[in-house]
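Okay, structure first, notes after.
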Amino acid sequence: MSTSDEDTIPPARLESRWPIVAAVLVVMALTVLRPPEMRLAPRWSLPAVEVVLLAVLVARHPARIGPRAALLRAIAIVLVGIVMADTLVTTVRLLYVLIHGGQTTTSADALLAAGAIVWGSNVLAFGLFYWLVDGGGAAARAHHMPPALDLAFPQQISPEIAPRGWRPQFLDYLYLGLTASTAFSPTDVMPLAPWAKLAMATQSLVSLAVLGLVVARAVNILT
């Protein structure tokens with residue numbers, strides 16, 4: 001099969017790119033709103049990376065395959081990895097401010113707002129990561145789900161409850177990111193691959209640290 005033929009294979013279910021684009025835009029907004037104490041670089045640096053990520057996601061429909069799509073997916077994974085790393089560093093900065101004090105910790109409102117920004121960025125960044133990596137990416141999932149699952153959704157474990165040809169889409173991965181950040185453990189989606197277990201464990205620990213320490217410190221300030 002030629003590259004051009006392979007590039008135009010109709011997917012089993014065409015996934016809309018706009019929820020992903022909206023998620024990246026929200027991440028960009030949260031980055032801009034981050035307090036100065038939570039930044040290690042100029043305000044514009046990470047949004048510049050996220051603009052490139054946005055351009056990559058818009059340039060190619062996530063359900064298309066081919067060499068160019070594979071390259072764009074690899075670039076997107078690297079960029080999302082940078083966003084995730086920045087989220088982890090920001091979490092460390094927030095914990096440092098909580099321990100040693102700073103401008104953000106003088107007000108319960110400012111502290112809760114900073115914690116919400118870090119927590120929300122964590123949910124969105126990991127949701128994008130799961131969507132990009134699981135099963136070889138959106139294009140691979142749209143054309144053929146691998147026999148060995150990385151993340152097992154209920155619809156895959158019990159196919160009789162799902163429509164024929166069901167595939168996980170971005171909102172499913174965003175929900176996974178939300179539940180991992182609130183329940184601190186798997187809920188309906190089971191991590192099977194080592195990378196999935198490590199990612200979910202990291203996300204849960206980050207969320208636990210942010211929610212636990214930020215809320216405790218905010219209550220302490222209020223009382």
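Can you pull out the residues in region 95-105 that are free of Cβ contacts under 8 Å to residues at least 12 places away in the same chain and in a helix (DSSP H, G or I)? Hits for region 95-105 are 96, 99, 100. Applying a threshold of 6 Å to beta carbon distances and a minimum spacing of six or more residues, or different chains, the list of pairs starting in region 77-94 at a residue that is closer than 18 Å to residue 54 by Cβ and ending at one that is of a type in the set (Val, Ile, Thr) and buried (at least 16 other Cβ atoms within 10 Å of the Cβ) reads 79/49; 82/49. On the given criteria, is residue 83 under 20 Å from the mean Cα position of the chain (by Cα), loosely packed, with under 15 Cβ neighbours inside 10 Å, under 28 Å from residue 171 (Cα atoms) and modelled with pLDDT of 80 or more? No; evaluated as a whole, the condition is false for this residue. For region 145-166, indicate whether the set of residues that are under 14 Å from residue 127 (Cα atoms), among the aromatic types (Phe, Trp, Tyr) and either under 15 Å from the mean Cα position of the chain (by Cα) or surrounded by 14 or more Cβ atoms within 10 Å (Cβ to Cβ) (or both) is non-empty. Looking for residues that are under 14 Å from residue 127 (Cα atoms), among the aromatic types (Phe, Trp, Tyr) and either under 15 Å from the mean Cα position of the chain (by Cα) or surrounded by 14 or more Cβ atoms within 10 Å (Cβ to Cβ) (or both), one finds none in region 145-166, hence no.
The values are calculated or read from the model by the stated rules, or taken from the named source; none is laboratory data. These numbers come from a predicted model, not from an experiment. Cβ coordinates were reconstructed from backbone atoms using ideal geometry, including for glycine residues, and neighbour counts include every protein chain displayed.
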